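One structure below.
The values are calculated or read from the model by the stated rules, or taken from the named source; none is laboratory data. Since the model is a prediction, treat every value here as computed from it, not as a measurement. Quick reminder, even Gly has a Cβ in these numbers, built from the backbone with ideal geometry, and neighbours come from all protein chains shown. What goes into the accessible areas is simple: the full protein's heavy atoms, side chains included, and nothing from ligands, DNA or RNA. Shrake-Rupley method; radii C 1.70, N 1.55, O 1.52, S 1.80 Å.
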Amino acid sequence: MIKLPIYMDNNATTRTDPRVVEAMLPYFTEIYGNAASRNHAFGWAAEEAVEEARSQIAALIGATDKEIIFTSGATESNNLAIKGVAAMYRKKGNHLITVATEHKAVIDPCKRLERDGFQVTFLPVDHDGRVSADQVAQALTDKTILVSIMAANNEIGTVHPIKEIGQLCKQKGILFHTDAVQAVGKIPIDVEEMGIDLLSLTAHKIYGPKGIGALYVRRKNPRVRLDPLIDGGGHERGMRSGTLPVPGIVGFGVACDLARKEMPTESPRLLQLREKLRLGITGQLEDVHLNGHPTERLPGNLNLSFAFVEGEGLMMGMKDVAVSSGSACTSASLEPSYVLKALGVGDELAHSSIRFGLGRFSTEEEVDYVIDHVVSAVRKLREMSPLYEMHKEGIDLKTVQWAAH
Amino acid sequence: MAYSNKVLDHYNNPRNVGSFDKADINVGTGIVGAPECGDVMKLQIKVDPATGRIEDARFKTFGCGSAIASSSLATEWLKGKTIDEAMNIKNTAIVEELCLPPVKVHCSVLAEDAIKAAIKNYQEKQPAPTAEVPATAGI
């Protein structure tokens, strides 16, 4: 028996792994000391747990323990990396490079810096959502202090050539930050091999708890310095003050440990499920478009546009399946996904997009169920769609004069 | 944000989905919205030439659940009404009936626009009464 509703929105967040929860529990009621209390057993026990977690997190990305700075999550990590570097290196230059398809937690800090006198280049992406190291090279100026490019996109799953970009930045002596929230634990990430100086990650995307994240800050070759956003007790090498949330950190550590150990078997499993889902849907329906790169892509991410059907309407038609859509109707802004627009997908197909996010707890049975329900919902809605009717009559929708409202 | 039961009912059991022959002189067709805006409604009325009342209505909608529900409800309301009565269907009544939240009010506006567009199209297709005057005057 399949359990409903089915969660297939793992790019938004993930279920906390029961093994993670189990590890966290004692840190609420038994080992509840403040990790900064240096003079009693409660503090020592908490600190020990934090250091263990730090080393588990570092191991997942090829860093050393001391390079991990705990934050409240990736939004804070991105803000700290971008604003922290901008403030610290302002005398060196005022130019930053990022990409049009970044998460808002990167775009908005960059836009704030623009208002404060910095110049930011937002690189365009190709039709599959990728930037190239060449594009970065061409955008560099003698004023560039930071390149911030996500490892993998949250909507379309496209993976950027992080290693090439990192090597370029190393060679030019420019700091390189990557928002690796979607990539960490899903595809191999190694800060040394990839030339990464700053890396944002968060627990809740890798089956850990919400409210805890980290910023990797390189300590040598070069030693990266940051102006903190939050001042106080001087925790985390002075870069992020505030009492450490020990239970969350313990959970984060275990989540990283599990991700590292299970990735070699879990990633191929997810890829197989994703391809089953993709082929199961596209084998039965015409006019379904894949958004994002066909192969340079997170294993669990599938983003499809179902022509002639609106995304939110479609989500309503598969009510026992939790997915997300790039349709404006699902956002407060009434604008369709800016990520899909940046790919040149066109507003019409952006409104028709659905993101499926497979994860550790997704099963083959669930994929079968989702295929059936997507196919029948799309068929039903196409029968109700005036656009589909016109398409069937051979009318080119692009030539129609719409009475826009 | 959960959908109201009435929206769900219209979404799951849409009334009067389909199309009439656009060329039929008794049929008025209104198509409003645009694909790049995320909703397109096609609404059709069929007027009984004997009574001048709308005897039947059909819709097809590309849009979210609230857009589908708004157009489905509109077709229900149109049936049996005179053109003048149909012109008086207001989007606010649709909002109220379907309990649409503020972000979905535009779906009801689109439905009202679709009704008006269908009526306009029907009226444009009717032979102008003045055109017949000279013929009879000649007798």
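Miscellaneous remarks
- Between B:D39 and B:A34, the built amide H atoms are under 5 Å apart, and every one of these is 5 or more places off in sequence or on another chain.
- Value in Å of the Kirkwood radius, where segment A:194-283 supplies the Cα pairs that are averaged: 15.9
- In a simple Cβ point-charge model (Lys, Arg +1; Asp, Glu -1; nothing else charged), chain B has a dipole of about 160 debye relative to its Cα centre.
- Distances between placed amide hydrogens fall under 5 Å for A:D227 paired with A:V85, A:A87, A:M88, all partners being 5 or more residues away or on another chain.
- The residues A:L244, A:L277, sorted by heavy-atom accessible surface at 1.4 Å with ligands and nucleic acids left out, run A:L244, A:L277 from largest to smallest.
- For segment B:30-60, a reduction of at least 40 Å² in accessible area between the chain on its own and the assembled protein chains (probe 1.4 Å) is found at B:I31, B:G33, B:P35, B:E36, B:C37, B:K60.
- Taking all protein chains together and a 1.4 Å probe, the residues A:R379, A:R115, A:R130 rank A:R115, A:R379, A:R130 from largest to smallest accessible area.
- Cross-link reach list, aspartates and glutamates versus B:K46, counting only Cα pairs under 12 Å and skipping chain neighbours closer than eight places: B:D21, B:D24, B:E55, B:D56
- Heavy-atom accessible surface of B:W77, to the nearest 10 Å², is about 70 Å², with a 1.4 Å probe and all protein chains retained.
- Under 21 Å from the Cα of A:K205 - lysines, other chains or at least 8 residues apart: A:K104, A:K186, A:K261
- Against chain A, whose longest principal axis is taken from its Cα atoms, helix A:41-61 shows a tilt of about 50°.
- In segment A:175-330, taking the dipole from charged Cβ atoms about the Cα centre, the farthest positive-side position among A:F176, A:G300, A:G311 is held by A:F176.
- By the equivalent-ellipsoid construction on the alpha carbon gyration tensor, segment B:1-128 comes out with semi-axes of 25, 14, 12 Å, ordered largest to smallest.
- Accessible area (Å², 1.4 Å probe, nearest 10) - B:V32: 10
- Rel. contact order, % - alpha carbon contacts under 8 angstrom, at least six apart, chain B: 28
- Chain A and chain B together bury an accessible surface of about 2500 square angstrom, both sides counted, with a 1.4 Å probe and no ligands or nucleic acids included.
- Rg over Rh for segment A:1-80 works out to 1.07, both radii taken from alpha-carbon positions and Rh defined as the Kirkwood radius.
- Per residue, segment A:18-259 exposes 40 Å² of solvent-accessible protein surface, assessed with a 1.4 angstrom probe and all protein chains in place.
- For segment A:247-405, a simple Cβ point-charge model (Lys and Arg +1, Asp and Glu -1, everything else neutral) yields a dipole of about 360 debye relative to the Cα centre.
- Relative contact order for segment A:18-259: 28 percent, from Cα pairs under 8 Å spaced at least 6 residues apart, divided by residue count.
- Accessible area of chain B belonging to carbon and sulfur atoms, whole % at 1.4 Å probe: 55
- Percent RCO, i.e. relative contact order, over segment A:321-398, from Cα pairs under 8 Å lying at least 6 residues apart: 23
- Both radii are taken from the alpha-carbon atoms of the protein assembly as shown; with Rh as the Kirkwood radius, Rg/Rh is 1.09.
- Solution diffusion estimate, µm²/s, Stokes-Einstein, segment A:18-259, Kirkwood Rh from C-alpha pairs, 25 °C, viscosity 0.890 mPa s: 136
- Scoring A:227-233, A:186-192, A:93-99 by mean Cβ neighbours within 10 Å over their residues and listing the highest first yields A:93-99, A:186-192, A:227-233.
- Shielding by other protein chains, A:311-321, mean Cβ within 10 Å: 4
- Solvent-accessible ranking of A:S77, B:S4, largest area first, probe 1.4 Å: B:S4, A:S77
- Relative packing of peptides A:17-29, B:39-51 - highest average C-beta neighbours within 10 Å first: B:39-51, A:17-29
- With every protein chain in place, segment A:18-259: carbon and sulfur % of accessible area (1.4 Å): 50
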